[in-house]
1. Here is a list: 135, 117, 173, 169. Which entry is at pLDDT 95 or above and in contact with a Leu (Cβ under 6 Å, 6 or more places away or on another chain)?
2. Which of the residues belonging to region 168-211 are over 16 Å from the mean Cα position of the chain (by Cα) and not in a loop (DSSP other than H, G, I, E, B)?
3. With the condition kept exactly as written, say whether any residue in region 117-132 is more than 17 Å from residue 202 (Cα to Cα) and touching an Asp or Glu at 6+ places or on another chain (Cβ under 6 Å).
4. Residue under question is residue 95, and the condition is that it be part of a helix (DSSP H, G or I), of a type in the set (D, E, K, R) and either touching a strand residue (DSSP E or B) at 6+ places or on another chain (Cβ under 9 Å) or farther than 24 Å from residue 189 by Cα (or both); does it hold?
Amino acid sequence: VSFRNVAKIEPKMVWHKETHIPDCNIIIVPGGFSFGDYLRCGSIAANSPIMREVIKKSKEGFPIIGICNGFQILTETRLLPGTLIRNNCLSFICKTTKLSVVNNRTYFSQKYFESQIIDIPIAHNEGNYFANDEIIKELEDNNQIAFKYCDEDGNFSNDANPNGSLKNIAGIINKKGNVLGMMPHPERATNRLSRLNDGENFFLSIAETLQ
């Protein structure tokens, strides 16, 4: 709905058992508890037939976004480094969080300004980003961290971190910059009537990329 209403892009639904992706300009791996998150979040979905095509497209430089469970799936397929583990509070979290736009020079964030603080909802049980020290250093050195959880002043404090993610990481991109994974839901922040519309520029960034 957000792609249609905000970006003016008509999405196509592709079933996970398909083996071919129809002609399109971008791939979205959406949120939702795929396969009930049994075994491990995203691990079963990562082996769905359609993911072979998604992996192939990513290597060709195709823009790909994974939101929430989609982010988990992208880490399971190794399209993005690290993993998502249980929230440090050991419970499901559903609330609006503040994010800092750490990198606004991506396909997905160019309509924001650097260090802009935005309000985006989260809804997950396993959104705690974890990786070894080598991967974290690589993400920082290559400017692959797209979004971080922050407070209203832009500080990356423990209190502003809802799930225990290392370095307050909320979203990352791959080295090529064509694959983004993020736990927050920008599609749930496009309603001007509720004044929760900071997700609009996420979709407008994508629309500009695809022009």
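1. 173
2. Selection gives 191, 192, 193, 194, 196, 207, 208, 209, 210.
3. As a first pass, look at region 117-132 and keep what is more than 17 Å from residue 202 (Cα to Cα): 123-132.
If we keep only those that are touching an Asp or Glu at 6+ places or on another chain (Cβ under 6 Å) as well, we get none.
No, region 117-132 contains no residue that is more than 17 Å from residue 202 (Cα to Cα) and touching an Asp or Glu at 6+ places or on another chain (Cβ under 6 Å).
4. Numbers: part of a helix (DSSP H, G or I): no; of a type in the set (D, E, K, R): yes; either touching a strand residue (DSSP E or B) at 6+ places or on another chain (Cβ under 9 Å) or farther than 24 Å from residue 189 by Cα (or both): yes.
No: the conditions fail for residue 95.
The values are calculated or read from the model by the stated rules, or taken from the named source; none is laboratory data. This one's a predicted model, so the numbers in the text were calculated from it and none came from an experiment. Don't worry about glycine lacking a Cβ; one is built from the backbone with ideal geometry, like all the others, and counts go over all protein chains shown.
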